[in-house]
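Just so it is clear, none of the values below were taken in a lab; they were calculated from the coordinates. In this text, all values refer to a predicted model and were calculated from it rather than measured experimentally. Heads up, the Cβs are rebuilt from the backbone with ideal geometry, glycines too, and the neighbour counts pull from every protein chain shown.
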Amino acid sequence: MGLTISYSLGLTNASLEQAREKIISLHHQASQLPLMELGEVTELEGQACCFEEDDPRINLKYGALRLEDIAHNLEHRTNEIKASHLIGFDVFPGAGCSRSSFGLATYPEELTSWQWHDHCKTQYATNPEHGGINNFLKSHISVLKILESAQQLGILAEATDPSGYWENHDLEALVKNVTQQNVLTAAVMGTLKDALQPLGYNADAQILYRADFEYLEAKGQDLLGLGANPQPPPDQP
């Protein structure tokens, strides 16, 4: 739940040197953006691609998982990775966002075919404690700019932005979308929290810890037709 950018990278009929060149170029483009953190380009091969306990490169290794491997791991409750080589870097766009990674990985069955799959949840960057809507816009747009660079390099396979900004670059629509996402998420999580508490369970989501959560929850319930018109908190117009 929450506004999340999803994407896949790919490169076919390419050598290791060609894949490396693409990722180094993408990393250079990312270094020009106002990211909170940008990891170094990392290259792993063979056994080094496998998951380890307390793995410091966990984000990269998850990005290297093929979709069919993710399904296999969920079914068998394991964390196998079958990549023979991966090249990538991780990104922390801004406070409240999830970490994401960009790279290319190849597999023993086809060493000249490269791919990558990852996502970045940006919705919670809107938390006032993280800088509010300005922090969100900086973070969300920065991730999309990395994807634009990947597209120019010819390695973007797919990108999905539920806000529509990827397709239309409508800033007003982006703000409206994430605002609505916040109030709907607050309404859903508030309802879930109320339902779980009598059973001895707790709901847990970042939205629950916002100082203005009750206001967002009430506004979301009103939007869904579940409550009365909410009154804004004292520090909001």
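Worth a mention:
- Of all DSSP beta bridges confined to the chain, the antiparallel ones make up roughly 100%.
- Inter-part distance where segment 34-88 and segment 165-224 are each reduced to a Cα centre, Å: 31 Å
- Taking only the Cα atoms of the chain, the radius of gyration and Dmax are 19.9, 61 Å.
- Protection proxy ranking of 99-110, 21-32, 3-14 - average other beta-carbon atoms within 10 Å, highest first: 99-110, 3-14, 21-32
- Tilt relative to the chain, helix 213-223 - C-alpha long axis, 0 to 90 degrees, to 10: 80 degrees
- Summing Cβ point charges (Lys, Arg +1; Asp, Glu -1) relative to the Cα centre of segment 4-169 gives a dipole of roughly 440 debye.
- When shorter helices are ignored and each DSSP H run of at least 4 residues is given -39500 (n - 2.57), the per-residue value for the chain at 222 nm works out to -12500 deg cm²/dmol.
- Karplus-based coupling profile of segment 181-195, in residue order and whole Hz: 4, 5, 6, 5, 4, 4, 5, 5, 5, x, 5, 5, 4, 5, 6, with θ = phi - 60° in 6.51 cos²θ - 1.76 cosθ + 1.60 and x standing for Gly or Pro.
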